[in-house]
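Here is the structure we will look at.
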Amino acid sequence: MPAIRRNIVPLRYSDPSVVAYVRSPTDWLVSNCGWIRGRSGVLLVDTCGTERDTLDLVKDVRKYSTVEMPLTLVLTHAHGTHHNGAGVALRNGGRILAAESAVSAVRAGPQRYEDTFDYKNWGTLEAPKPEAVHAVTTPREVDLGGVVVEVVPFPGVAHTDGDLVVFEQKTGTLFTGDLLSVGSTPMALHGSIPGWLDALYWLDKTFPTVRTFVPGHGALSHPGSFPVAVLRTYLNWLLDATTPETPDFAELATIARRRWPNWSNPERHVGNLMRAHADQHGRPLQEKTALRAILDAVGGKIDLDARLGR
Ligand SMILES: [Zn+2]
């Protein structure tokens with residue numbers, strides 16, 4: 001029974017302290033976070049999907065902050081795995097920044113995806129106070145004292161319709177949210193495949209001095225490295241494979257499993273193929289049908305109690 005492990009990776013120790021919080025194994029509901037601490041404030045990137053995991057995260061942030069500092073929580077997008085703990089993280093106050101299109105979902109509170117998951121361990125997850133959630137519509141600088149962090153929304157639809165990234169210049173650290181996944185099958189159901197390819201190009205152009213990517217899922221990565229190239233290849237393949245009017249999605253999903261055999265959660269391929277097909281043929285994706293295909297590929301609702309072990 002694999003429990004979730006958290007690996008605290010310091011990228012710089014002080015002025016500012018920059019930490020990647022890398023959780024494994026890569027699976028549904030297991031995502032990365034991170035934080036940047038200046039002399040007068042802490043910026044936390046994303047929360048976890050459950051109360052307990054978010055409390056563990058907040059405890060780790062506090063361990064590395066000698067005094068109680070004002071908290072800015074930046075949410076990379078409105079998938080529950082990343083924002084469910086927003087209310088939990090703000091129990092002692094703070095503010096939340098999210099892309100404009102993500103704000104309503106963040107204010108609505110935790111998402112338990114009851115059609116998708118069997119899971120009993122969410123804990124007590126409250127929505128954040130609506131007035132604590134602020135929309136980021138254009139690139140914004142957050143001054144933490146001795147360090148200015150850039151919070152930059154992607155102007156388009158990519159992994160979702162409300163993705164943003166966080167950049168810390170001194171270390172060249174870019175927290176990408178799910179615009180980059182390493183070692184797990186990306187999840188494109190709520191986004192756009194051409195838009196995601198545009199976003200990868202935009203990341204290259206907008207942040208030419210990146211030294212370390214902290215992806216939304218999986219291990220740290222570097223510019224020009226294999227995981228970034230392979231994501232681009234995968235997204236292009238999805239479009240190529242679904243050029244025909246009526247592709248055989250199940251057969252293509254089998255081919256994808258063979259081409260990317262080491263990725264976790266391969267059941268997502270079929271949904272991604274449907275998304276690519278809808279995008280390039282100018283049709284809305286039937287999300288329920290695509291989700292049903294994903295669940296069929298994994299044999300029914302996903303039993304997170306068994307997979308995550310608590
Ligand atoms: Zn996501």
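Just so you know, all these numbers are worked out from the coordinates, no wet-lab data involved. Fair warning: this is a prediction, and the values are worked out from it, not measured in the lab. No Cβ is skipped: glycine too gets one built from the backbone with ideal geometry, and neighbour counts run over all protein chains shown.
Residue count for region 268-302 under the criterion of being over 27 Å from residue 121 (Cβ atoms) and outside any helix (DSSP H, G or I): the result is 6. Would it be correct to say that residue 160 is within 27 Å of residue 28 (Cα to Cα), in contact (Cβ under 8 Å) with a residue 12 or more places away in the chain and touching a Leu at 6+ places or on another chain (Cβ under 8 Å)? No: the conditions fail for residue 160. Among the conditions (1) crowded, with 19+ Cβ neighbours inside 10 Å; (2) more than 19 Å from residue 185 (Cβ to Cβ); (3) of a type in the set (Asp, Glu), residue 279 misses just one, which is (2).
Scanning region 203-212 turns up one or more residues that are assigned to a helix (DSSP H, G or I) and touching a residue at least 24 places away in the same chain (Cβ under 8 Å). In a residue-by-residue description of region 171-193, the property of being aliphatic (A, V, I, L, M), surrounded by 23 or more Cβ atoms within 10 Å (Cβ to Cβ) and over 24 Å from residue 21 (Cα atoms) applies to at least one position. What residue, among those in region 113-128 that are surrounded by 14 or more Cβ atoms within 10 Å (Cβ to Cβ) and out of contact with any Leu (no Cβ under 7 Å at 6 or more places or on another chain), is nearest to residue 192 (Cα to Cα)? Residue satisfying both the conditions and the ranking: 113. Residue 219 meets the conditions (1) over 19 Å from the mean Cα position of the chain (by Cα); (2) not in a helix (DSSP H, G or I) in every case but one. The failed one is (1). Return yes when residue 152 is crowded, with 24+ Cβ neighbours inside 10 Å, within 15 Å of the chain's Cα centre (by Cα) and under 23 Å from residue 70 (Cα atoms) and no when it is not. No; evaluated as a whole, the condition is false for this residue.
Please list, ordered by first then second residue, the pairs with beta carbon atoms under 7 Å, 6 or more apart or interchain, first in region 214-232 and hydroxyl-bearing (Ser, Thr, Tyr), second in a strand (DSSP E or B) and within 14 Å of the ligand (Cβ to nearest atom). Pairs that qualify, where the first residue is hydroxyl-bearing (Ser, Thr, Tyr) and the partner is in a strand (DSSP E or B) and within 14 Å of the ligand (Cβ to nearest atom), are 221/180; 221/215. For region 1-102, the helices (runs of 4 or more DSSP H) that sit wholly inside it and include 3 or more residues that are without any contact (Cβ under 8 Å) to a residue 12 or more places away in the chain and out of contact with any Ser or Thr (no Cβ under 8 Å at 6 or more places or on another chain) are 51-63. From the list 44, 75, the lone residue that is within 16 Å of the ligand (Cβ to nearest atom), in contact with a helix residue (DSSP H, G or I) (Cβ under 9 Å, 6 or more places away or on another chain), closer than 19 Å to residue 179 by Cβ and of a type in the set (A, V, I, L, M) is 75. Scanning region 160-208 for residues that are over 17 Å from residue 136 (Cα atoms), of a type in the set (Phe, Trp, Tyr) and within 16 Å of the ligand (Cβ to nearest atom) returns a single hit, 196. Filtered by the rule that a residue be without any contact (Cβ under 8 Å) to a residue 40 or more places away in the chain, surrounded by fewer than 15 Cβ atoms within 10 Å (Cβ to Cβ) and part of a loop (DSSP other than H, G, I, E, B), region 233-267 gives 243, 244, 245, 246, 248, 261. The set of residues in region 27-45 being touching a Lys or Arg at 6+ places or on another chain (Cβ under 8 Å) and surrounded by fewer than 23 Cβ atoms within 10 Å (Cβ to Cβ) consists of 27 alone.
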